[in-house]
Each structure stands twice: as structure tokens, then as C-alpha cells.
Amino acid sequence: MNIVVLGAGAVGGYFGAKLAKAGYSVQFLVRKNRYEQLRERGLQIESVHGNFTIQPQLILSTFDIEVPQLVIVALKNYHLQAALPQISALVRNGAIVLPLLNGVQHMNILLDAYGSSSVLGGTCYIETTLNPMGDIIHTSSLQHVVFGQIGDGISESFLSQVEDAFRKSTVQVTASSSIMIEMWKKYLFLCTFSAITATTRQPIGVVRADPVTLHFLEDLIAESVSVANANGIELPEHIQELLMQQFLAVPASMTSSLHRDLEKGLRLEIDSIQGAMIEMGRTYGIPTPSLAAVFALLHPYKDGLPS
Ligand SMILES: NC(=O)C1=CN([C@@H]2O[C@H](COP(=O)(O)OP(=O)(O)OC[C@H]3O[C@@H](n4cnc5c(N)ncnc54)[C@H](OP(=O)(O)O)[C@@H]3O)[C@@H](O)[C@H]2O)C=CC1
Ligand SMILES: CC(C)(CO)C(=O)C(=O)O
């Protein structure tokens with residue numbers, strides 16, 4: 001299977017490198033700066049599962065790709081719109097898109113543009129970041145991809161190939177027959193986890209140890225679950241308790257990509273994560289005061305460090 005990774009950052013770089021190391025043909029469609037960086041240093045992974053480096057196949061233009069079969073989209077949400085012409089070119093050549101972005105809003109954009117016979121649902125659980133040299137630092141043992149089709153337009157054999165590819169790359173993979181529910185479960189976890197870790201500037205262990213902060217996290221969860229229910233998402237019974245169990249089970253040192261981006265002074269994905277949840281709440285008449293407080297407190301940092 002020919003795989004294209006669009007966005008060779010913390011997530012795309014990690015999963016792409018694992019697939020390439022497993023012997024798959026992986027082309028990384030990148031922009032100029034990342035091209036230079038990766039050409040010089042190679043794609044270096046520093047991981048709790050073991051360090052390795054690959055010499056990635058780098059491309060700057062979709063013209064250099066012959067027969068793409070799977071396109072893993074691992075961009076930040078705020079870069080998706082500008083990348084649509086590249087994705088369109090790949091889909092026109094027969095590729096199926098597997099987005100690994102956080103949130104759910106991007107699914108409307110991709111499905112409206114390409115339809116469910118060219119777009120899979122997908123999400124991932126991983127904690128990776130780029131160091132100043134552009135190497136990928138994988139800081140906890142999580143490395144899980146969940147994917148599935150939205151309708152029935154993608155063949156079972158293609159789905160099996162995707163599953164096999166991740167499995168052979170020694171990444172945990174789950175092929176789901178209810179991917180939108182899985183994406184919402186991840187969205188609920190991420191929206192609240194990133195809200196609490198970014199606003200406190202602390203990993204989850206500090207949040208868990210403080211009853212006042214933990215109570216605020218419960219409020220964030222309750223609001224987000226109400227929004228999901230209003231959207232008609234068929235969540236498991238007791239989802240709030242399940243989410244809280246997840247928060248209690250993850251390593252105390254774990255934090256969110258949003259918190260890490262905030263610390264690095266990078267742009268924040270708050271529009272597509274907390275902002276989108278608040279917006280859906282408004283549509284359905286669900287009050288979201290705690291999410292709105294988080295959104296307002298992070299807003300000065302949305303485009304990077306305020307000057
Ligand atoms: N990091 C994490 O732990 C996790 C992140 N996620 C989600 O995954 C998504 C990706 O996040 P992450 O990997 O951390 O982000 P990064 O910023 O590390 O990587 C995104 C990459 O996309 C590249 N890019 C942007 N636009 C284009 C384009 N048009 N063509 C080619 N490359 C492009 C950027 O390259 P350039 O250098 O050119 O700017 C950058 O390398 C986000 O939605 C995030 O929320 C999900 C789970 C965990
Ligand atoms: C919560 C976590 C680490 C899980 O993968 C994540 O998705 C993120 O921080 O972006």
C-alpha cells in the first residue's frame with residue numbers, strides 16, 4: 001500500500017516513520033522548512049518504545065506522487081483549509097483520506113468535499129511533540145490509532161490493509177464500526193483534558209491532586225457530554241464516569257498537545273476544540289460556562305504569545 005503522510009509533525013511524523021520502518025512505501029508531503037529540516041537530519045524518533053531514525057521520502061508537491069492509496073492527514077486544524085487543494089489532488093488520483101486531527105469539526109469539511117467513499121473517520125491516542133531540532137519526542141507509551149468508515153463506500157479489503165499496516169508497524173490499532181462515536185469519545189476526553197491542563201499549565205497529576213480543580217474538570221466533562229448528547233451521539237451509558245476513570249488512569253505526568261503548544265508559544269487549536277464545543281452548545285441551547293471560561297482565558301494566546 002502506498003501511503004502519503006500530509007503533515008510530518010509530531011503525529012504524522014511518528015506514525016509515518018513507524019509505517020516506513022515496517023517496510024511500507026511512505027511519502028511525506030511537507031512544506032519547505034520541514035523539507036530542509038528532515039533532509040538534513042532524517043526523521044528522528046525518540047520514543048519510550050525505543051529510538052530510531054529513518055531517511056524519509058520527502059515531497060513538496062502532489063505532482064511527485066504517483067498512485068497514492070492512503071493519505072494520513074495529520075495537520076493542525078487551523079491548517080486544514082489551506083491544505084484542501086493538496087488533499088483534492090490526492091483524492092482525484094484515488095487516495096482515501098484518514099484524518100488523525102483532534103476534534104470532529106474537520107469531518108464535516110472533509111466529508112462535504114470528498115464524501116464518505118473517500119474519507120475514513122480516524123483518531124489517535126499518542127503524546128508526541130517536536131523538539132527545537134524538529135525531532136519527534138514520544139513521551140508516554142500510548143500509540144493507538146482508531147479508524148473506520150463512515151458509510152459503506154470503502155471496501156473491506158482496503159480496511160483490512162489499513163489495519164494490517166498499523167499492526168505491522170507495532171502500533172495499537174482498532175478498526176471500529178462506529179467511528180463517529182469513537183471520535184466523539186476522544187473529542188470529549190481531549191476537549192476537557194486539554195482545557196484543564198492548558199489553563200492550569202500543569203499535567204493531569206496536579207489537577208487530580210487538587211479537589212477544587214478536579215471539580216472544575218467534572219463541570220467541563222458534564223457540559224461537553226451534554227453537548228454530545230444534544231448532537232444525538234450515542235455515547236455509552238455512564239460516559240461521565242468512564243471519562244473520569246480515564247483521567248484517573250493516565251500517567252500523572254501526562255499533558256495535552258494544547259498545553260505543550262501554549263508553553264512553546266505556538267498557535268492554539270482552541271477554535272476547533274473548545275470553541276467548536278461551545279458553538280454546538282449555543283446551537284442546541286446547552287449552557288457551557290466552564291468551557292467558555294477556559295476559551296476566554298486561553299484566547300490571548302490563540303495566535304501565539306501575545307506581544
Ligand atoms: N501531538 C500530540 O500529542 C497529538 C496531536 N493530535 C492532533 O493531531 C493533529 C496534528 O498535531 P501535531 O502533529 O501535534 O502538530 P504539528 O504542528 O507537530 O504537526 C503538524 C504539521 O503539519 C504541517 N503542515 C501544515 N500545513 C501543511 C501543508 N499544507 N502541507 C504539508 N504540511 C503541512 C506542519 O508543517 P510546517 O513545519 O511546515 O508548519 C507541521 O509539521 C492536531 O489536530 C492535534 O490536535 C492528536 C493526538 C495527540
Ligand atoms: C490527550 C492526548 C495526549 C491523547 O492522545 C491528545 O490527543 C492531545 O493532547 O492532543
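The values are calculated or read from the model by the stated rules, or taken from the named source; none is laboratory data. Keep in mind it's a predicted model, so treat the numbers as computed, not measured. Reconstructed Cβ throughout: ideal geometry from the backbone, glycine too, with neighbour counts over all protein chains shown. With ligands, DNA and RNA removed, areas are computed over all heavy atoms of the protein, side chains included. Shrake-Rupley method; radii C 1.70, N 1.55, O 1.52, S 1.80 Å.
Look at the dipole of the range 182-301 built from charges on Cβ: of Met244, Trp184, Tyr301, the Cα furthest out on the positive end belongs to Tyr301. Work from the charge dipole of the chain (Cβ charges, +1 for Lys and Arg, -1 for Asp and Glu, about the Cα centre) and give the residue of Tyr114, Gln202, His49 farthest towards its positive end. Among Tyr114, Gln202, His49, the one farthest towards the positive end of the dipole of the chain is His49. Were the residues from Leu111 through Ala230 laid out at 0.36 nm apart, the gain over their Cα-Cα distance would be 40.7 nm. Among Lys21, Lys186, Lys76, Lys264, the sequence by solvent-accessible area, most first, with a 1.4 Å probe is Lys21, Lys264, Lys76, Lys186.
Comparing mean-square fluctuations of Pro85, Pro99, Pro68 from a GNM of the chain with C-alpha springs under 10 Å, the top value falls on Pro85. Projecting the Cα positions of Val71, Val212, Pro99 onto the charge dipole of the chain (unit charges on Cβ atoms of Lys, Arg, Asp and Glu, taken about the Cα centre) puts Val71 furthest along the positive direction.
Normalised size of the chain, defined as Cα radius of gyration per 2.2 N^0.38 Å with N residues, equals 0.97. Straightening the chain between Ile59 and Val212 buys 50.1 nm, computed as 0.36 nm per residue apart minus the Cα-Cα spacing. Taking a sphere under 15 Å around the Cβ of Met254 and counting the other residues whose Cβ falls inside, with K and R at +1 and D and E at -1, yields a net charge of +2.
Computed with a 1.4 Å probe over protein heavy atoms only, the accessible surface of the range 2-177 comes to 42 Å² per residue. The amide H of Ser25, built 1.01 Å from its N in the peptide plane, has Ile3 as neighbours under 5 Å, considering only residues 5 or more places off or on other chains. About its Cα centre, the range 2-177 has a charge dipole of approximately 320 debye under the convention of +1 per Lys or Arg Cβ and -1 per Asp or Glu Cβ, with nothing else charged. These residues, Arg41, Arg92, Arg208, go from largest to smallest accessible area, 1.4 Å probe, as Arg92, Arg41, Arg208. The largest accessible area among Met107, Met133, Met180 belongs to the first residue in Met133, Met180, Met107, and the rest follow in falling order (1.4 Å probe, all chains). Placing +1 on each Lys and Arg Cβ and -1 on each Asp and Glu Cβ, with no other charges, gives the range 182-301 a dipole about its Cα centre of roughly 360 debye. So how far, in whole Å, is the C-alpha centre of the range 155-199 from the one of the range 58-75? Between the Cα centres of the range 155-199 and the range 58-75 lies a distance of 21 Å. About the centre of its Cα atoms, the chain shows a dipole size close to 780 debye [charges on the beta carbon of Lys, Arg (+1) and Asp, Glu (-1) only; nearest 20 debye]. Helical runs (DSSP H, four residues minimum) scored at -39500 (n - 2.57) apiece and divided by the length of the chain put the mean residue ellipticity at 222 nm at -14500 deg cm²/dmol.
On a straight-distance basis, which lysines could pair with Lys168 in a cross-link, Cα separation under 29 angstrom, same-chain partners fewer than 8 positions away excluded? Output for Lys168: Lys18, Lys21, Lys76, Lys185, Lys186.
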